[in-house]
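Participant: Right, I'll just put the structure down here and ask away after.
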Amino acid sequence: MDSYRSLLLLTELASEETLSQRELSRRLGIALGLVNSYLKNLVAKGYVRIASFPRNRYGYLLTPQGIAEKSRLAYQHLSYFTSLYKITRQDYLDLFRRLHASGVRSVSFCGVDEVAEIAYLSLRETGLELAAVMDDDHEGESFFDTRVSSLEQGLAGEGRRIVITSVKRGDILSAELLRRGVEEREILRTGSSTVPERRHGNSLPNNDVGKAR
């Protein structure tokens, strides 16, 4: 996380704008005190220099070493996110394939962010239908060809498996679904989902997605 925030700061400073700590805090969604701490560290390492401007204003500029460090961090995180994408895509694909094999034909997504988009790409490779997408924070928006509904609206439909499609808010969304009366076995998450497995025509519970019987 530290190196990622450093990359975000260095990327902002690479522009030709003169940015204050307050402006950096606003753009990156990082507390002002934290921005100050990161900048001090980057200045100490020689990646950033402080420039003074009229009216006692200060700006932060990348040094040649800072430009090289930005490139290094960008490559490092690109490799990381590429690996994360591949793993997440495969995890959802495995989950959806097992659901389909168990007799499930439609699922709902709960949570809209980059992970939900990855989940959707995996869903399209299976025979499952996306019945609904719910997220109170994105209600009314479009998710591919589906309108995002509130949790209340999404849960009003017919009973179906609900797949958590947000890593950042996964715990919060799961807790909210439980609070609204959704059974725990109906809430599925990659890596720790409860997926039924069919044997000789009967559906039996399987408490570990990652294990085959």
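Rule-based calculations on the coordinates, nothing more; no lab input. Since we're looking at a predicted model, the values are computed, not measured. Every residue, glycine as well, gets a Cβ built from its backbone with ideal geometry; the counts of neighbours run over all protein chains shown.
Participant: Student exercise: in the chain, how many lysine pairs 8 or more apart or on different chains have Cα atoms under 21 Å apart?
Facilitator: Close lysine pairs found across the chain: 4.
Participant: Only bridges with both residues in the chain count here: give the DSSP antiparallel percent, nearest 5.
Facilitator: In the chain, DSSP labels about 45 percent of beta bridges as antiparallel.
Participant: Given contacts defined as C-alpha pairs under 8 Å and at least six residues apart, what's the relative contact order of the stretch 2-62, whole-number percent?
Facilitator: The value is 33 percent.
Participant: Here is a follow-up. To two decimal places, what compactness ratio does the chain give when its Cα radius of gyration is scaled by 2.2 N^0.38 Å?
Facilitator: For the chain, the normalised Cα radius of gyration comes out at 1.34.
Participant: Identify, among Gly127, Ile164, Val112, the residue whose Cα sits farthest towards the positive end of the charge dipole of the stretch 82-204, taking +1 on the Cβ of Lys and Arg and -1 on the Cβ of Asp and Glu, with the dipole about the Cα centre.
Facilitator: Positive-end residue among those listed: Gly127.
Participant: Restricting to DSSP loop positions (anything but H, G, I, E, B) with no more than 12 other Cβ atoms inside 10 Å of their own Cβ, which GluC sites (Glu not before Pro) remain in the stretch 3-48?
Facilitator: Counting only loop positions with at most 12 other Cβ atoms within 10 Å, the GluC sites (Glu not before Pro) in the stretch 3-48 are Glu16, Glu17.
Participant: Taking only Cα atoms and a 10 Å spring cutoff, compute GNM fluctuations for the chain and point out the largest among Gly46, Gly154, Gly127.
Facilitator: Gly46
Participant: If you project the alpha carbons of the stretch 2-69 onto their three principal axes, what span does each projection cover, largest first, in Å?
Facilitator: If we take the Cα atoms of the stretch 2-69, the spans are 32, 26, 20 Å.
Participant: Ok, one more. Once you charge only the Cβ atoms, +1 for Lys and Arg and -1 for Asp and Glu, what is the size of the charge dipole of the stretch 108-188 about its Cα centre, to the nearest 20 debye?
Facilitator: Computed charge dipole of the stretch 108-188: roughly 220 debye.
Participant: Among Ser106, Ser83, Ser52, which one shows the biggest mean-square fluctuation in a GNM of the chain, springs joining Cα atoms closer than 10 Å?
Facilitator: Result for the chain, Cα springs under 10 Å: Ser52 fluctuates most.
Participant: Here's something else I'd like to know. Can you give the calculated 222 nm mean residue ellipticity of the chain, where each DSSP H run of n ≥ 4 adds -39,500 (n - 2.57) and the sum is split over every residue, rounded to the nearest 500 deg cm²/dmol?
Facilitator: Taken over the chain, the calculation gives -14500 deg cm²/dmol.
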